Amino acid sequence: MGDVRDEARTPRHAAEALDVAHAVLRTLAGPDAVAADTGIPGGPDGAPRENLWTPSGFAAVSLAFSGTTARDPEHIAGAHAHLLRALEAVAEGVPAPAGILSGTSGAAYALLIAHRATGGYRSALERLDAYHRDLVRKTLPAVTDGPVATNHEFEAIYGMSGIGRHLLARGDRSREELHAALDYLTGLALGDTTVGGHRVPRWWSRSAPKKGQEVELPDGHLNLGLAHGIPGPLALLALAWRHGVAVEGQREAIENLVGLLERWAVPDGDGLHWPPFLTLGHWAAGPESLRLPWQRPSWCYGAPGVSRAVQLAALALDRPDWHDLAHRSLLPLLERPVADWGLEDAALCHGTGGVLHLLGLLGEHIDDDRIPAVRDELAALTLAHFHEDHRFGFRAAMTNVLHGADLSGFLDGAAGIALALDAYANGGRAHAEWDMALLVN
């Protein structure tokens, strides 16, 4: 399926989206003030500042200034100020490696987007290239005959899929290490293992999806979300293939991963949806017995995040049937009123902003007239969450927090929402490809 984007169509709320994105950037000026004001109003301070997506992540806020299309001097200065603080945080004490969105890797990713936006920061970025090359050499897990200890080994946020996306963006500087990461993911995709007397994919994790579920899931799980599961490796393998980077077995690995997702998709009217994860009981009973309910759309779990991973695979290997699979996974959304989707805030991870951005990417290759109209509805809902009296314009919905939290960061906070609105207003594409870390581009 070819590019079906209507280049002549102006998004209905483009002007307001740009105005609000710029208003958010104004609230994010001044690293010290942003860090001090991030958190739950009247509650405890935010998490450590070196984490990219956490409340006081300087690297996260710099992305908003670098990744929006406006190149006003104050935006360049804002990106630089937050970048400096992010690098200072790294220099104070290198945190343990924790994926593309955290610690030294988070600062490196912010530098990468700033470099793409301005052409600067070359020497600093090259120094962190060496860090990533060394990181892969020292921490790349071995492919064994057993299940993985945790999804953190391979996933998008904490694992090798996210780090691999950064390596892919850096081209020949890290090609050897990228090949090693692709070999590792391919090895997992091409084998299986035994858990509780059942043959399961090597992606099976001995850990539970969330802390507190260990008793409920003593045999572990197979994670099907883009953030923490097998769609992350699928997206990286497909993106690398499209960039002309491949290792032995990579095509078969892509085919196996899409096959898994196709097999375990739950029929939903004329479409389908994906459960967040499979238990050993689900696996033993087989996909025909799976009756898990539809859940809210998001980047992290289900459509349209998983839909985009499948679409990237379709584009990589020229598979019309996979294009159709991606489209059918959107039908349960497109056939429901947007107000019934269960989206509680505007965030990238599981709010209107993330779904808005993903549907823009998916709509480039899906010929469905409902997508542009739904995106306008999502933009309107996102804008409706904006309030000038909130510290950063938007608040994040949180369990047991009545009025939400003032979060400044990327996945759950105002920085990510500003980026999504800016991309919407500019035809759906992310300036400087800030969305690479989401493994959607």
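The values are calculated or read from the model by the stated rules, or taken from the named source; none is laboratory data. Note that the structure is predicted; figures quoted are calculated from it, not measured. Here the Cβ is made from the backbone with ideal geometry for all residues, glycine too, and neighbour counts use every protein chain on show. Areas reflect the complete protein model, heavy atoms only, side chains present, ligands, DNA and RNA absent. Shrake-Rupley method; radii C 1.70, N 1.55, O 1.52, S 1.80 Å.
Data table
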{"quantity": "When region 382-421 is reduced to its Cα atoms, the Kirkwood hydrodynamic radius in Å", "calculated": "10.2 Å"}
{"quantity": "Translational D in µm²/s for the chain (Stokes-Einstein at 20 °C, 1.002 mPa s, Kirkwood Rh from C-alpha pairs)", "calculated": "99 µm²/s"}
{"quantity": "Carbon/sulfur fraction of accessible area - region 317-441, other protein chains in place, 1.4 Å, %", "calculated": "48 percent"}
{"quantity": "Efficiency of FRET from Cβ geometry, Glu92 and Ala36, R₀ 25 Å, rounded to 0.05", "calculated": "0.90"}
{"quantity": "Region 335-376 - Kirkwood radius from inverse mean 1/r over Cα pairs (Å)", "calculated": "10.7 Å"}
{"quantity": "Region 262-321-region 368-441 distance, computed between alpha-carbon centres (Å)", "calculated": "24 Å"}
{"quantity": "Sequence-distant residues sharing a close amide H with Gly404 (under 5 Å, placed H)", "calculated": "Met398"}
{"quantity": "Inter-label distance, nm, simple model (7 Å from Cα along the C-beta direction), Asp134/Asp340", "calculated": "5.6 nm"}
{"quantity": "For region 200-208, Karplus couplings with θ = phi - 60° (6.51, -1.76, 1.60), whole Hz, Gly/Pro x", "calculated": "10, x, 4, 5, 4, 9, 6, 8, 8"}
{"quantity": "Solvent exposure of region 305-441 as accessible area per residue, Å², 1.4 Å probe", "calculated": "30 Å²"}
{"quantity": "Rough spin-label spacing in nm, given labels placed 7 Å along Cα→Cβ, for Val143 and Arg242", "calculated": "2.4 nm"}
{"quantity": "Distance in nm between pseudo-label sites at Arg175 and Ala77 (7 Å out along the Cβ direction from Cα)", "calculated": "4.2 nm"}
{"quantity": "Net lengthening on full extension, Arg291/Glu216 (0.36 nm per residue, minus Cα-Cα)", "calculated": "25.2 nm"}
{"quantity": "Of Ala142, Ala156, Ala70, the one that fluctuates the most in a GNM where the chain has Cα springs shorter than 10 Å", "calculated": "Ala142"}
{"quantity": "Fraction of beta bridges assigned by DSSP in the chain that are antiparallel (%, nearest 5)", "calculated": "90 percent"}
{"quantity": "Extended-chain gain in nm, criterion 0.36 nm per residue less alpha-carbon gap, Thr118 and Arg9", "calculated": "36.4 nm"}
{"quantity": "Accessible area (Å², 1.4 Å probe, nearest 10) - Arg375", "calculated": "30 Å²"}
{"quantity": "FRET efficiency, 1/(1 + (r/R0)^6) with R0 41 Å, evaluated for Arg199 and Arg26 via beta carbons", "calculated": "0.15"}
